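See structure below.
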Amino acid sequence: MTRITVAKGDGIGPEIMDATLAVIKAAGAKIEIDEIEVGEKVYLAGNTAGIAKESWDVIRRNKVFLKAPITTPQGGGYKSLNVTTRKFLGLYANIRPCISLYPFVQTKHPVMDVVIVRENEEDLYAGIEHQQTDEVVQCLKLISRPGCEKIVRYAFEYAKQYGRKKVTCFTKDNIMKQTDGLFHQVFDEIAKEYPEIENEHWIIDIGAAKLADTPEAFDVVVMPNLYGDVLSDVAAQIAGSVGLAGSANIGETCAMFEAIHGSAPRRAGQNMANPSGLLQGAIMMLNHINQTEVAEKVQNAWLKTIEDGIHTYDIYKEGVSKQKVGTKEFAEAVISNLGKNPAKLKSVKYEKGQAIDLKKYSRKTPAKKELVGVDLFVHWNGFSADELAKILSKVSIEKVKLSMITNRGIKVWPEGFEETFCTDHWRCRFKPEGDRLLTHDEIISLLKSASNSGVDVIKTENLYHFDGKPAFSLGQGQ
Ligand code: NAD
């Protein structure tokens, strides 16, 4: 018996949760349920997180959380409960299988069977943003080695457990050589530990185009957070319907399972909604808690129900579907099919021990880190980089000189182009003369000197070599 936490959510949430629980219980799921209240009511009672402190205690105690969609009220500074839950519980992996059910559900991609593995905690979603000048705002893209190692390893372990043949990595490391570069590098390192699984890397733009056009070329696809956010919806939609996909959010100790769609408030209380997305989430949960036989039984009964043409309104199609049913009747049809397999769609067979247990991250020996320069970011309202360089020549201190100015990453001094458009946000690179390293005291002197000259430094970034290799971007055109 496994104790799980359940939240019925808002809108269509309670109906699809009741249907889902009825199906998995009828299939023999050995679960005990603690129900908590999250979402709209909690938000509107004045809790901007949408969840009470006591509910966190229940989630953390049970470690397994099945959550129906919730409604986040518009405006008023309400925080997304999904994002908060993922971050608080360290749910680093978001897994979203996208399978086409052709010809029973319409899709342009009849043989699609792709699993998107999205990094769930880092990247631009750290939400660290600042306005720095009148014209420029910034969002920090943070990618960490442990973050990359965990998600990439998870993708390969997932492929291994579910008998998948290939793991593809999507990044934009031709442009973001440090951040996406690290993700790609870790992918290459970890891929070597799984010689039996094919691996490949695509630049995200052409990879995304290929995924949308020829999804049958992909199997498991792993990517950083933002790309995964976008492409997991694309993949679910082109498989047939976002209403049919479930997702798992996995952490080292806790996990959350859900449908990918929202609370569809307009359909609430009408016994119309399709419970399939949440049911798919529940099947992943059953695998996670090692009730694989129940998971298998539910999935095969669900496939048979879809194949029998028993469809809710969202996937109902004249000529293909046989019977339009409501939420409850759909669940009853799945229950009556328990123990049966689909005839045309491929039935599933899950291996025991589906919960993926990753080895703990171990920190590597620190690299040799050398300070070789500093970028001062300056807010300046002028337009001529040559003029700014003159002002900054007064900021230079003994043996530490201005070496380059860029604007939005493009080198504008020395030898810039007049045509380059410049904002009020300038990156001014200072380096020590000769082969000497820079000291932190020299950075402080530079900042004092800038302040004395009336130069508005909005932030600094230190330039390092790690194990002798430059670990910062050059100016474009440098
Ligand atoms: P939505 O997914 O709720 O609805 C989009 C469309 O799909 C609607 O036409 C809806 O009727 C239909 N639809 C969705 N699920 C369906 C189902 N199971 N069966 C049949 N039709 C279904 O997206 P939205 O309208 O943008 O958002 C509504 C609310 O849901 C918002 O408050 C949003 O914040 C919230 N939301 C919650 C989650 C979550 O809790 N995981 C995710 C997305 C959106």
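The values are calculated or read from the model by the stated rules, or taken from the named source; none is laboratory data. What you see is a predicted model; the values in this text were computed from it and never measured. Virtual Cβ from ideal backbone geometry, glycine too; neighbours counted across all protein chains shown. These accessible areas exclude ligands, DNA and RNA; they are computed on the full protein's heavy atoms, side chains included. Shrake-Rupley method; radii C 1.70, N 1.55, O 1.52, S 1.80 Å.
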Problem - Selection count, the stretch 365-386, where residues are open to solvent by 30 Å² or more (accessible area, probe 1.4 Å), among the hydrophobic types (A, V, I, L, M, F, W, C) and either in contact with a Leu (Cβ under 6 Å, 6 or more places away or on another chain) or under 30 Å from G90 (Cα atoms) (or both) - result: 2
Completion exercise
How many residues of the stretch 405-437 are part of a loop (DSSP other than H, G, I, E, B), on the phi < 0 side of the Ramachandran plot and open to solvent by 70 Å² or more (accessible area, probe 1.4 Å)? The answer is 8
Exercise for the section: Scan the stretch 32-53 and give yes if some residue there is more than 13 Å from the ligand (Cβ to nearest atom) and among the aromatic types (F, W, Y), otherwise no. Expected result: no
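Working carefully through the options N82, N94, N120, find the one that is closer than 26 Å to L358 by Cα, within 16 Å of the ligand (Cβ to nearest atom) and out of contact with any helix residue (DSSP H, G or I) (no Cβ under 7 Å at 6 or more places or on another chain).
Numbers: N94 fails: out of contact with any helix residue (DSSP H, G or I) (no Cβ under 7 Å at 6 or more places or on another chain); N120 fails: out of contact with any helix residue (DSSP H, G or I) (no Cβ under 7 Å at 6 or more places or on another chain).
Sole residue among the options that is closer than 26 Å to L358 by Cα, within 16 Å of the ligand (Cβ to nearest atom) and out of contact with any helix residue (DSSP H, G or I) (no Cβ under 7 Å at 6 or more places or on another chain): N82.
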Completion exercise
Filtering the stretch 16-72 down to residues that are touching a Ser or Thr at 6+ places or on another chain (Cβ under 9 Å), open to solvent by 50 Å² or more (accessible area, probe 1.4 Å) and more than 22 Å from M1 (Cβ to Cβ) yields E37, E40, T72
Practice task
Could you grab me the full set of residues in the stretch 266-318 that are crowded, with 18+ Cβ neighbours inside 10 Å, within 14 Å of the ligand (Cβ to nearest atom) and not hydrophobic (A, V, I, L, M, F, W, C)?
Solution key: R267, N274, P275, S276, G277, Q280, G281, H311, T312
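Residues in the stretch 84-134 that are closer than 23 Å to K150 by Cα, of a type in the set (A, V, I, L, M) and assigned to a strand (DSSP E or B): how many? Please lay out each step first, then the result.
Residues of the stretch 84-134 that are closer than 23 Å to K150 by Cα, as a first pass: 84-98, 114-128.
When the remaining residues are screened for being of a type in the set (A, V, I, L, M), the result is 89, 91, 93, 95, 114-117, 124, 126, 128.
The next check asks that each one be assigned to a strand (DSSP E or B); those that pass are 93, 95, 114-117.
Summing the residues that are closer than 23 Å to K150 by Cα, of a type in the set (A, V, I, L, M) and assigned to a strand (DSSP E or B) in the stretch 84-134 gives 6.
Specify which of the listed residues (K25, K30, K8) is under 16 Å from A282 (Cβ atoms) and within 25 Å of the chain's Cα centre (by Cα).
Every option except K8 fails the conditions.
Restrict the check to the stretch 184-192 and report whether at least one residue is without any contact (Cβ under 8 Å) to a residue 40 or more places away in the chain, over 24 Å from K349 (Cα atoms) and among the acidic types (D, E).
Initially, the stretch 184-192 is screened for residues without any contact (Cβ under 8 Å) to a residue 40 or more places away in the chain, giving 184-185, 187-189, 191-192.
From the residues that got through so far, the ones that are over 24 Å from K349 (Cα atoms) too are 184-185, 187-189, 191-192.
Then keep just the ones that are among the acidic types (D, E); that gives 188-189.
Looking for residues that are without any contact (Cβ under 8 Å) to a residue 40 or more places away in the chain, over 24 Å from K349 (Cα atoms) and among the acidic types (D, E), one finds at least one in the stretch 184-192, hence yes.
Would you confirm, using the coordinates I've provided, whether E252 is over 23 Å from D173 (Cα atoms), open to solvent by 30 Å² or more (accessible area, probe 1.4 Å), in the same structural domain as E329 (by TED's automatic domain parsing) and in a loop (DSSP other than H, G, I, E, B)? Don't jump to the end; show me each part of the working.
On the way: over 23 Å from D173 (Cα atoms): yes; open to solvent by 30 Å² or more (accessible area, probe 1.4 Å): yes; in the same structural domain as E329 (by TED's automatic domain parsing): yes; in a loop (DSSP other than H, G, I, E, B): yes.
Yes, satisfied.
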Exercise for the section: Determine which single condition S362 fails, assuming it passes every other condition in (1) surrounded by fewer than 18 Cβ atoms within 10 Å (Cβ to Cβ); (2) polar (S, T, N, Q); (3) touching a residue at least 24 places away in the same chain (Cβ under 8 Å). Expected result: (3)
Practice task
Provide a single number: the residues in the stretch 42-85 that are touching an Asp or Glu at 6+ places or on another chain (Cβ under 9 Å) and over 26 Å from L286 (Cα atoms).
Solution key: 4
Completion exercise
If you go through A367, A355, the only one that is at pLDDT below 95 and within 36 Å of the chain's Cα centre (by Cα) is A355
Completion exercise
Only one of (1) within 22 Å of L101 (Cα to Cα); (2) open to solvent by less than 40 Å² (accessible area, probe 1.4 Å) does not apply to V234, and that is (2)
Exercise for the section: Give T253, T214 a once-over and let me know the one that is at pLDDT below 95 and either closer than 24 Å to K87 by Cα or of a type outside the set (K, R) (or both). Expected result: T253
Handout entry: Filter result for the condition that a residue is away from the ligand (no atom under 16 Å from the Cβ) and farther than 25 Å from V152 by Cα, over K364, K328, K322
Key = K322
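Just checking, does the stretch 66-83 include any residue being under 28 Å from F156 (Cβ atoms) and part of a strand (DSSP E or B)? Can you show your working first?
First pass over the stretch 66-83, keeping only residues under 28 Å from F156 (Cβ atoms): 66-67, 82-83.
From what's left, part of a strand (DSSP E or B): 66-67.
Yes - at least one qualifying residue is present in the stretch 66-83.
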Fill in the blank from the handout: By residue number, the members of the stretch 19-31 that are among the hydrophobic types (A, V, I, L, M, F, W, C) and within 16 Å of the ligand (Cβ to nearest atom) are A19, L21, A22, V23
